[in-house]
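Step one of this worksheet: look at the structure below.
The values are calculated or read from the model by the stated rules, or taken from the named source; none is laboratory data. Since the structure is predicted, the reported quantities are computational estimates derived from the model, not experimental observations. Virtual Cβ from ideal backbone geometry, glycine too; neighbours counted across all protein chains shown. Ligands, DNA and RNA are excluded from the accessible area calculation, which covers all protein heavy atoms including side chains. Shrake-Rupley method; radii C 1.70, N 1.55, O 1.52, S 1.80 Å.
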Number of protein chains: 2
Amino acid sequence: MPAPNLLYAQSGGVTATINASAAAVIETARKFPARIGQVLASRNGIIGVLREELIDTGLESAEAIRGLRYSPGGAFGSCRFKLKSLDQDRAHYERVIEVCRAHDIRYFLYNGGNDSADTTHKLSQVAQTLGYELHCIGVPKTIDNDLALTDVCPGFGSVAKYVAVSTREASLDVLSMAESSTKVFVLEVMGRHAGWIAAAAGLAGSKDGDPPHIILFPEVPFDQARFLAAVKDAVGRFGYCTVVVSEGVKDAKGRFLAEAAPEMPSAMCNWAAQGRRLPRWCARRMATNTTGRCPITCSARHDTLPARPTSTSACRSEWRR
Amino acid sequence: MPAPNLLYAQSGGVTATINASAAAVIETARKFPARIGQVLASRNGIIGVLREELIDTGLESAEAIRGLRYSPGGAFGSCRFKLKSLDQDRAHYERVIEVCRAHDIRYFLYNGGNDSADTTHKLSQVAQTLGYELHCIGVPKTIDNDLALTDVCPGFGSVAKYVAVSTREASLDVLSMAESSTKVFVLEVMGRHAGWIAAAAGLAGSKDGDPPHIILFPEVPFDQARFLAAVKDAVGRFGYCTVVVSEGVKDAKGRFLAEAAPEMPSAMCNWAAQGRRLPRWCARRMATNTTGRCPITCSARHDTLPARPTSTSACRSEWRR
């Protein structure tokens, strides 16, 4: 009687480490041939399971699997197709069990976030109902560090480092030219509901005056007056101000800032709006040059006020400050 | 008679290597104490020279100077203040000579791009006219690889690597999910007049099918029909399409695409527009999901067409493709 097989599927947006998780699953399974037979991976996530498009990872060399540890992207493809409740999507769940039965799969490892963990749980319930023994395990994955009941979230560390380094490097660029150019710099990061990524930007500094000077979280209602005062204070004390804003920041009424501010001229209400709006808004209210940038969601705008050529006025008025 | 002094100034936007150039200047000067006395650096570039705000780099340890080799930002500050023609700005040029004379400066090293090289040249002419011996040397700096008469442009290599790596990594992410999600990915890079940075993205691939599949240059007039056909072809053959577009791409009439297309809904005519417009435009014409992103100028937008939930339709219609 050969050992039962394992099915691995990637789910949701891929992170910097989802392939490292894939490598871990495959390499570990290969250590227990008496307990785990083939390690199959579905092509493009759960869609591949439903279509019965399964990849035999046993065809890959140990070196190729080890290389996954440092490979970006999702090696087997992924999708955002979410199975709904058991009542609404029973046919899909039963199809998954049918495919598992056809390939003697007794271990199902679903590599994704909270939704995927929920799907994994529902699948185990369906398997039990149908009398098919199937060990369903969620392999955690997220950039948001917000997985339920999970202490370590693979994917978060990489984005935390990226955001902190980007904050520090970009701030050094701004500081280099703040005397005569951009003084307020807005960096927008992901995190629709959780401020962990925004908080990670705080790793960029260690002492008073280090950037970021302001971090705007989804969990803290945006206070316009307090924000402007903080920006002015930082510019006054340090010569510039770095603001890190989460895409999910909300106003006091709970509306996402990306959608809630009609007086902000941009009609594009989308998630990557803070990086553009906040700088322009600061520029108008504070009569200063601002730049917005989002290396993660990648939204930026450089706002300069044409009536204030600060560098030339500083030089033409007098030689000394 | 002590050796004459050297004045070093940083100019324009700082690059990843401007501090490496600063380190090279200082370390080299320190090797020739009989010929070069103090190495002074002006604070915030040419503004600092005009204000006579000079930093004595001799106060820094060898280790601190060596550390500049890998330091981002501009250690002494920089500005974009450009001295105009000799007729228009004579007072400024004469002020620079006055400051040099006051500090026994006989070497002026100006670390910047084409404009700074021009200023350096004009300064040498003024010095000659005033009978003050001053060796004026331009130290090259650019990300655009477009310095006149210059073979190696410090600053370009770093951005070339960054753009190539970003193109490859982001494309892997897109490819991972292209089956049911984004199929057209637009990456906007800098280069208002020169396409070197966009060309560097081409380093990301080596064989047919590797991204980027399309590069749009400032030097090549944008052809709408040809572009769409190329996008469709890539999606058809490879499942997705990565487009790298220079911020300076122009239409057949020579107008910057960022400004020339009224039918494109965004009213924000700025340099970072391609990363938003092209995807939306592609999405409408091709009925496909697109994402725009600019890690350099940082402008992005994720466009999805709400009427086409591709992942669910692929699964509900039938199990097999």
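Tabulated data
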| quantity | calculated |
| --- | --- |
| Inter-part distance where the stretch B:1-78 and the stretch B:111-189 are each reduced to a Cα centre, Å | 20 Å |
| Zone of A:Leu149's modelled label, taken as backbone nitrogen in the stretch A:87-102 under 18 Å from a point 7 Å along Cα→Cβ | none |
| Average other protein chain Cβ within 10 Å of Cβ, residues B:72-79 | 6 |
| At 0.890 mPa s and 25 °C, Stokes D of the stretch B:50-91 from Kirkwood alpha-carbon radius, µm² per second | 184 µm²/s |
| 25 Å Cα-Cα threshold exceeded, pairs from B:Lys122/B:Lys250; A:Lys141/B:Lys183; A:Lys141/A:Lys161; A:Lys31/A:Lys161 | B:Lys122/B:Lys250; A:Lys31/A:Lys161 |
| Cα-Cα P(r), the stretch B:208-254, percent of pairs per 5 Å interval | 5, 22, 29, 22, 14, 6, 1 |
| Square roots of 5 times each gyration tensor eigenvalue, C-alpha, the stretch B:5-140, largest first, Å | 23, 17, 12 |
| Neighbour net charge for B:Ile197 - beta-carbon separation under 13 angstrom, K R +1, D E -1 | -3 |
| Within 10 Å of each Cβ in A:160-171, the average number of Cβ atoms from other chains | 1 |
| Length-normalised contact order for the stretch A:5-140 - Cα pairs under 8 Å, 6+ apart - percent | 32 percent |
| Relative contact order (%) - the stretch B:38-117, alpha-carbon pairs under 8 angstrom, separation at least six | 29 percent |
| Other protein chain Cβ atoms within 10 Å, averaged over every residue that makes up A:58-68 | 0 |
| Solvent-accessible area lost in complex, 10 Å² minimum, residues of the stretch B:10-33 relative to chain alone, 1.4 Å | B:Val14 |
| Net +/- balance of residues flanking A:Arg66 in space, Cβ distance below 12 Å, scoring K and R +1, D and E -1 | -1 |
| Environment charge of A:Thr57, counting only residues whose C-beta is closer than 15 Å and scoring Lys/Arg +1, Asp/Glu -1 | 0 |
| 5 angstrom amide H check on B:Cys136, placed H, neighbours 5+ away | B:Phe108 |
